[in-house]
Each structure stands twice: as structure tokens, then as C-alpha cells.
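Okay, so here's the structure we're looking at.
What follows draws every value from the coordinates through simple rules; no lab data is involved. Keep in mind it's a predicted model, so treat the numbers as computed, not measured. As a convention, Cβ positions derive from the backbone with ideal geometry for all residues, glycine included, and neighbour counts pool all protein chains shown.
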Amino acid sequence: MTIGVLAVQGAFIEHEHRMEQLGARTVELRCAEDLNQPLDGLILPGGESTAMGKLLRELGMLDTLREKIRAGLPVFGTCAGLLLLAEDMENDSRRHIATMHITACRNAYGRQLGSFFTCAPFADAGNIPMTFIRAPYIASVGEGTEVLATVDGRIVAARQDMQLVTAFHPELGDSTAVHQYFLSMVREHLANGAA
Ligand code: GLN
């Protein structure tokens, strides 16, 4: 399995390590040509969504990424990656890849209390560590989107078909549950005949 990790900005190395730890090959996606190679999945890391969105436009990567995701390529967005995938944001007029039926709230935990750590259940994996860094949350999900985790009543992980998002940074904790969940999506996609 080859997972492309968007590497134009943000916390991509930790995702690469996590994927390699689980036996998947990773390639860094830094320019439009990097998107021409065969990929089985995509990771959009945390960082700063406005900067990432701007770079994706300047590098000519945004439309290709959107097409691949619309065509069903499995994608996992964390934090800023979630904001890139959100169809709507409550407090930001920018839209980036915008393929997922979620409304996100950016920097939703305030500036001073922007970072915190907690443990909460994720999908059927039980309690996992969750690190939040100036994180968004998901204010609402649209049709066909499944809620996978909530913290204090707020949605912090969701899935729609082959798109997975977390508001927290699972690459920073010592649990591999979310990355394993993503790899099971990739396997499901490959088993359904994806090239
Ligand atoms: N606050 C950042 C944004 O709005 C996201 C933070 C993160 O990815 N850790 O893009």
C-alpha cells in the first residue's frame, strides 16, 4: 500500500512514521507532479489550513486532489486537514478541497485554551489519547456522514464514505487506532476493485 502524505506545510513526518510503523509505504506530496503516481490513500496533516490552502492553489495541486477524492481515493485529514476537507466553515469564508459534508468551526477552543489532551472513545476502538492543538470541531455533519468520536458533546471525528477526519492529532499519541482504522478503509477500497 502506498499512502501519499501532503508535505507542503505542517506535521506530516509524524504521519509518515505512524504509517511505516503499520507497514504502509509513504510518499511525500510536494508538487503537482507528485500526484501523478499511483496512490492507495492520502493523508492531509495538521498545520495551518489557510497557508496550506494557499500553497495548494499556488502549486496547482488543489483541483487534482479534489478530483481524486471525489473519485473515491481514501483520504484522512487531521486538524487543518479536516478544515481543507470541510464543505463549510462557520467562522471562515474560505473553502479549500470542500468534499466532505461537514460544517467545521475553526480554532474552536479559543486562543488561550487552544491545546489540550484527553482520552475518549473512537469508533469501536475504545478510549484513545487525543491531542488537540488550536483545533477545530465539527459543528454539524450532513447526510451520509458518520460521527466516530465526540468530546464534551462536540464532534471530533467523522467519516463519509472514504473520507476520514479527526480534529485531534492521532499521530502524536501512542495509539495507532486511528491510523489502523484508515488503513482498513484503504484495504476496503482496494478490495472493492480500486486500481
Ligand atoms: N488552527 C489551525 C487552522 O485553523 C489548525 C491547527 C492544527 O492543524 N493543529 O488551520
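Annotations for the structure displayed:
- Summed over segment 54-98, the residues that are within 14 Å of the chain's Cα centre (by Cα) and not in a helix (DSSP H, G or I) give a count of 12.
- In segment 57-81, the qualifying residues are those that are over 15 Å from Met162 (Cβ atoms) and within 16 Å of the ligand (Cβ to nearest atom), and the one that is surrounded by the fewest Cβ atoms within 10 Å (Cβ to Cβ) is Arg57.
- The single residue among Gly126, Gly114 that is touching a Lys or Arg at 6+ places or on another chain (Cβ under 9 Å) and more than 27 Å from Glu67 (Cβ to Cβ) turns out to be Gly114.
- Residues in segment 1-23 that are of a type in the set (A, V, I, L, M, F, W, C) and either in contact with a Lys or Arg (Cβ under 9 Å, 6 or more places away or on another chain) or surrounded by 19 or more Cβ atoms within 10 Å (Cβ to Cβ) (or both): Met1, Ile3, Val5, Leu6, Ala7, Val8, Phe12, Met19.
- Restricting segment 99-115 to residues that are free of Cβ contacts under 8 Å to residues at least 40 places away in the same chain and away from the ligand (no atom under 12 Å from the Cβ), the residue that is farthest from the chain's Cα centre (by Cα): Gln112
- Residue that is surrounded by the most Cβ atoms within 10 Å (Cβ to Cβ) [pool: residues in segment 39-56 that are of a type in the set (D, E, K, R) and more than 10 Å from the ligand (Cβ to nearest atom)]: Asp40
- Residue check, Glu16 more than 24 Å from Arg106 (Cα to Cα), touching an Asp or Glu at 6+ places or on another chain (Cβ under 8 Å) and part of a helix (DSSP H, G or I): yes
- The criterion of being touching a residue at least 24 places away in the same chain (Cβ under 8 Å), surrounded by 17 or more Cβ atoms within 10 Å (Cβ to Cβ) and either farther than 30 Å from Asp63 by Cβ or of a type in the set (Ser, Thr, Tyr) (or both) holds for Phe122.
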